[in-house]
1. Surrounded by fewer than 16 Cβ atoms within 10 Å (Cβ to Cβ), in contact (Cβ under 8 Å) with a residue 12 or more places away in the chain and of a type in the set (Phe, Trp, Tyr): does that describe A:Phe27?
2. For segment A:283-315: of the residues being among the small types (Gly, Ala, Ser) and more than 8 Å from every other protein chain (Cβ to nearest Cβ), which is surrounded by the fewest Cβ atoms within 10 Å (Cβ to Cβ)?
3. Can you name every residue in segment B:352-374 that is surrounded by fewer than 24 Cβ atoms within 10 Å (Cβ to Cβ) and among the aromatic types (Phe, Trp, Tyr)?
4. Mind telling me which of the residues A:Asp76, A:Asp46 ends up being modelled with pLDDT under 95 and more than 21 Å from the chain's Cα centre (by Cα)?
5. Which of the residues spanning segment B:129-157 are out of contact with any Ser or Thr (no Cβ under 8 Å at 6 or more places or on another chain) and part of a loop (DSSP other than H, G, I, E, B)?
6. Report those strands (runs of 3 or more DSSP E) wholly inside segment A:163-266 carrying at least 3 residues which are in contact (Cβ under 8 Å) with a residue 12 or more places away in the chain, in contact with a helix residue (DSSP H, G or I) (Cβ under 6 Å, 6 or more places away or on another chain) and within 30 Å of A:Arg287 (Cα to Cα).
7. A:Gly374: more than 16 Å from ligand 2 (Cβ to nearest atom), assigned to a loop (DSSP other than H, G, I, E, B) and under 17 Å from the mean Cα position of the chain (by Cα), yes or no?
8. Take B:Ser296 and tell me if it is at the interface with another protein chain (Cβ under 10 Å from one of its Cβ atoms), more than 17 Å from the chain's Cα centre (by Cα), in a helix (DSSP H, G or I) and under 28 Å from A:Lys325 (Cα atoms).
Amino acid sequence: MTDLETFRQETRAWLEENCPQSMRSPFKSDKDACWGGRNFQFQSDDQRLWLERMAEKGWTAPDWPTEYGGGGLSRDEHKVLLEEMSRIQARPPLNSFGIWMIGPAILKFGSEALKQQHLPPIVRGEIRWCQGYSEPGAGSDLAGLQTKAEDKGDHFIVNGQKIWTSYADKADWMFALVRTNPDVKKQEGISLVLFDMETPGVSTRPIKLISGESPFCETFLDNVRVEKDQVVGDVDKGWTIAKYLLTHERSMIGNMGSTAAGQKTLAELAVDGVGLEDGKLADPMLRTEVASWVIDSIGYELTAERARDEAKSGQGVGNVSAMLKYAGTELNKRRYELLVAAYGSEGLLWEGDDRPAGALPQQWLRTKGNSIEGGTTEVQLNIIAKNILGLG
Amino acid sequence: MQKLVLTEEQQMLKDAARGLFSEQAPVSQLRKLRDEKDALGYVPEFWNQAVELGLAGTLIPESHGGSEFGHVGMGQVMEEGGRTLAASPLFASGVLGACALMLAGNDSQKDILKGIADGSHLVALAIDEAGRHQPFRVATKAEVQGEGFVLNGRKTFVVDGHIANTLIVSARTSGGERDESGITLFLVDPKAEGVSVERTTFPDGRNYAKVTLENVAVSADAVLGNKDQAASPLQKLLDIGSAHLAAELLGLSSEAFDRAVAYMKERKQFGVYISSFQALQHRAAHMWSELEQLKSMVLKAFMALDANDDQASMLASAAKAKASQVAELVTNEGVQLHGGMGMTDEFDIGLFMKRARPVQLMLGDFRYHADRVASFKGF
Ligand SMILES: Cc1cc2nc3c(=O)[nH]c(=O)nc-3n(C[C@H](O)[C@H](O)[C@H](O)COP(=O)(O)OP(=O)(O)OC[C@H]3O[C@@H](n4cnc5c(N)ncnc54)[C@H](O)[C@@H]3O)c2cc1C
Ligand SMILES: Cc1cc2nc3c(=O)[nH]c(=O)nc-3n(C[C@H](O)[C@H](O)[C@H](O)COP(=O)(O)OP(=O)(O)OC[C@H]3O[C@@H](n4cnc5c(N)ncnc54)[C@H](O)[C@@H]3O)c2cc1C
């Protein structure tokens, strides 16, 4: 037996023993996700237990080094873990901007002290992070951000406003882009800083979305003190790190093009909605559109796989993250439009516990943000045109 | 877990093929064949060089004179051939002919493989009977006569039919016109009495034939595979063919795209290069994304075919479906981005569009293959 097969056997056995039964089904709504953090209300003992057990093994961040609490898994082992989790429809133990975004940036650019301080609590789901990038005047043109950080010797004093900060009202810490030097080219005076949301001067105000939910906020920074040792990388050199982090964010958002473990496929859901006739989806026009989507999604999934394989063998074009973000999010939007079509008016029922398609209307509306958050579709197309095709 | 990247050998084959096609079969060669209404429809000197490089035997076992390099390898050759619109019997003979014999042939029939690999023997597959691909709708009849059979019917869209030394013909030996069972494959000598092969012309300037069979007598040895049971090997053959056509579409679309992008960087209007217009940049970026995704699908389909993966048929159909869509998009946009120049015969860009459409239709277009993917996925 190869090492990988042994690992698979062991992982399977461990999951069998440690994944609580109630954690072995797809999320019924976004509310089932575990986000961790100081103030998180676990929905059940099982949810807490599942997080603790996975965190103990470092499997909330399977590919991070063990010295910072991660799982230390190789890429292949990581893939096996995900496969084994999906085999029993195990829920992700932790949703975390710490793991998806700031963690990888600290790992790559942060000081040893920052790694020691921040990574283990992220793995354990003890500290929940939010992303303070966008400002009212700086969305797509992120480098135009104005929030300013004044040098006060051993610390900065930060003033400004962030917007669209997802879960700012629930987060414990923020990673934020601030202007530390207003006198140079806009990309060259930006720093990436970390601070506790309980620091005096930080306040948030929720924004209600088209889905009726309020997952993000305006964040006001009023004379906020940020210690200098909480700068990731060098002062004024935050733009490179910000972009690195955006690449991570993009691949994560782009992943929405994939059908998550245990989630029913679009085709299965369409069959639920419309039914089969002679083995074919009863609505032939819808069948064509779903088939077209399925083909495109195969192309997307295989391209994500190829990009990973090429990166590993040192081949291929960089910047594929822009393409995957573009393709994956547009695919996810199409998926939800087709679901709305498949369930018809029943799928648009806005409230109630026994809706045939559950919270589909809210989820459908949420997907509209996929091609905006983390850099819009148009910005991704600009990146491809300029960086890859050399058009200008 | 096989990685979705080429091995070093496969990359070397791809590079060698690219060198050969770009030097010995550039687009100008196809143009010349077309303009001169060349009787063969390909340049024998070029074909000999391709054979010398081993391309015709890429799929054929070493025991039969080939290099057994697999579908991923042959796929690279097909893709590169697509880039220069190279005219040759490679697909008809080296892919369809060779695989038909390998899938269904008996030992003595497999002797033909050697001739395919050394380029001396050309094979063509005669399946379709109507404009749209319906491989299991077979009206051509084969009736038992003495020890053998007598064939009657008409075939159309037979790739490289007029130069073939052997035709592989599907005919009905039992059942109704739409039944999957009751179909048999026959090896037919185009020179046999009652066979007439008429070359037809298409926008791409390549070779297709109409084949008429009138009381054509063949011996029992002419049956390829089992009587009445051609459906299964035929389907496998069509999966393989579809994947290779997807590779050709990938190659020709990539080239059309590269040319359009190059044109955008040299054409000035309003005092600037048209590449500076965002309306065009986004369309180019979209096409590039589509091409990258097609590339992944084509590669995966070949790997699945080589591995005899049970997803191979589905992946081949998905690849051909996507390739047909992407080729339509990119060749249309290629002409559009060239403005008036795109409409001229003098510019090559139109040739890519004119090649794309027949290849899209060949062995089933987007609609045909999307329908199959849906069936594979249970809806
Ligand atoms: C669900 C959601 C969650 C988010 N979470 C966070 C978060 O946690 N933290 C955070 O910092 N931000 C977050 N954002 C903000 C997000 O990053 C910005 O919305 C995004 O960068 C776009 O900026 P904007 O909204 O200002 O739009 P604008 O930049 O004003 O864009 C408006 C329109 O113009 C187009 N456009 C802009 N520039 C160009 C150009 N150069 N070429 C062509 N078209 C262009 C855009 O594509 C868009 O269609 C979130 C957004 C959403 C929707
Ligand atoms: C069949 C046919 C018949 C014709 N008959 C006549 C005739 O009788 N008399 C006559 O005078 N002309 C005629 N024309 C010429 C026709 O008007 C031009 O081809 C047309 O105006 C486009 O110009 P162009 O070919 O130089 O393309 P270009 O202007 O070079 O355009 C190339 C590409 O760039 C795009 N592009 C250019 N500028 C921009 C921009 N600002 N923003 C975004 N995209 C841009 C175009 O849309 C096109 O896709 C004919 C053309 C055709 C095809």
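1. Working: surrounded by fewer than 16 Cβ atoms within 10 Å (Cβ to Cβ): yes; in contact (Cβ under 8 Å) with a residue 12 or more places away in the chain: yes; of a type in the set (Phe, Trp, Tyr): yes.
Against the criterion (surrounded by fewer than 16 Cβ atoms within 10 Å (Cβ to Cβ), in contact (Cβ under 8 Å) with a residue 12 or more places away in the chain and of a type in the set (Phe, Trp, Tyr)), A:Phe27 qualifies.
2. Within segment A:283-315, the match that is surrounded by the fewest Cβ atoms within 10 Å (Cβ to Cβ) is A:Gly314.
3. Scanning segment B:352-374 gives B:Phe366, B:Tyr368.
4. Of A:Asp76, A:Asp46, the one residue that is modelled with pLDDT under 95 and more than 21 Å from the chain's Cα centre (by Cα) is A:Asp76.
5. Answer for segment B:129-157, where residues must be out of contact with any Ser or Thr (no Cβ under 8 Å at 6 or more places or on another chain) and part of a loop (DSSP other than H, G, I, E, B): B:Arg132, B:His133, B:Gln134, B:Phe136, B:Arg137, B:Ala139, B:Gly146.
6. none
7. Here the answer is yes, as A:Gly374 does meet what is asked.
8. yes
The values are calculated or read from the model by the stated rules, or taken from the named source; none is laboratory data. Predicted model, so just to flag it, every value in this text is computed and none were measured. Reconstructed Cβ throughout: ideal geometry from the backbone, glycine too, with neighbour counts over all protein chains shown.
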